[in-house]
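Enquirer: Below you'll find the structure I mean.
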Amino acid sequence: MSKSNDGDVPLSLSNAEALVLFEWLARSGTGAPAPFVDQAERRVLWDIEAALEKALVAPLSADYATLLAAARAEVRDSGE
């Protein structure tokens with residue numbers, strides 16, 4: 001995965017990783033993240049974080065806070 005400033009960031013999950021992540025996200029759907037019920041849930045999130053660290057340039061930018069604020073505004077549901 002190459003570093004990117006813009007565009008899409010592809011992530012690849014195995015079927016097992018996707019299922020574990022789906023279950024944790026479904027339990028977390030009420031607001032606060034759900035507690036982990038299995039170490040596999042934490043492992044999937046760590047692996048995704050590692051993939052993002054390899055793909056993203058923004059976290060190393062001097063203006064990271066500004067970039068993060070703009071990204072949140074772009075992704076946020078309207079009215080929140």
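Nothing in this text is a laboratory measurement; each read-out follows from the coordinates by a stated rule. None of these values were measured; they are calculated from a predicted model. Ideal geometry is used to build each Cβ from the backbone, glycine not excepted, and the neighbour counts take in all protein chains shown.
Enquirer: If you add up the charges near A16, with Lys and Arg at +1 and Asp and Glu at -1, over every other residue whose beta carbon is less than 13 angstrom from its beta carbon, what do you get? Each step should come with its number before you reach the end.
Expert: Values: positive: R43; negative: E17, E23, D38, E41, D47.
Its environment carries a net charge of -4.
Enquirer: When the Karplus curve 6.51 cos²θ - 1.76 cosθ + 1.60 is applied with θ = phi - 60°, which whole-Hz ³J(HN,Hα) does each residue of region 31-39 get, with x for Gly and Pro?
Expert: x, 5, x, 6, x, 6, 9, 8, 4
Enquirer: Still on this structure, please answer the following. Can you tell me the length gained on complete extension of the stretch D47 to D8, counting 0.36 nm per residue apart and subtracting the Cα distance? Kindly include the intermediate steps, with their values, before the conclusion.
Expert: Numbers: separation 39, 0.36 × 39 = 14.04 nm, distance 1.82 nm.
12.2 nm is the gain from fully extending D47 to D8.
Enquirer: So what is the diffusion coefficient of the chain in µm² per second by Stokes-Einstein at 4 °C and 1.567 mPa s, using a Kirkwood Rh over Cα pairs? Write down the numbers at each step before the final one.
Expert: Working: Rh = 14.6 Å.
Calculated translational D: 89 µm²/s.
Enquirer: Considering only the other residues whose Cβ falls under 12 Å of the Cβ of V37, what net charge follows from Lys and Arg at +1 and Asp and Glu at -1?
Expert: Values: positive: R27, R42; negative: E23, D38, E41.
Charge balance near V37 sits at -1.
Enquirer: Another question, if that's okay. Please identify, among E41, E53, E23, the residue showing maximal mean-square fluctuation in a Gaussian network model of the chain using a 10 angstrom Cα cutoff.
Expert: E23
Enquirer: Give a residue-ordered list of calculated ³J(HN,Hα) values for region 14-29 (Karplus: 6.51 cos²θ - 1.76 cosθ + 1.60, θ = phi - 60°; whole Hz; x for Gly, Pro).
Expert: 6, 4, 5, 4, 4, 5, 4, 5, 4, 4, 5, 5, 4, 5, 8, x
Enquirer: Further, regarding this structure: List the chymotrypsin sites (Phe, Trp or Tyr not before Pro) within region 1-74 that fall in a DSSP loop (any state other than H, G, I, E or B) and whose Cβ has at most 14 other Cβ atoms within 10 Å.
Expert: Working: sites: F22, W24, F36, W46, Y64; in loops: F36.
When the chymotrypsin sites (Phe, Trp or Tyr not before Pro) of region 1-74 are filtered for loop state and at most 14 Cβ neighbours within 10 Å, F36 remain.
Enquirer: Counting other Cβ atoms within 10 Å of each Cβ, which trypsin sites (Lys or Arg not before Pro) in the chain have at most 15 and sit in a DSSP loop?
Expert: Numbers: sites: K3, R27, R42, R43, K54, R72, R76; in loops: K3, R76.
Answer in residue order: K3, R76.
Enquirer: I'd like to know which of L11, A40, T30 lies farthest towards the positive end of the charge dipole of the chain, counting +1 on Cβ of Lys and Arg and -1 on Cβ of Asp and Glu.
Expert: Checked the options; the winner is A40.
Enquirer: Search the structure for amide H atoms under 5 Å from the amide H of L56, placed 1.01 Å from N in the peptide plane, and list their residues when 5 or more places away or on another chain.
Expert: Counting only residues 5 or more places away or on other chains, the set is S4.
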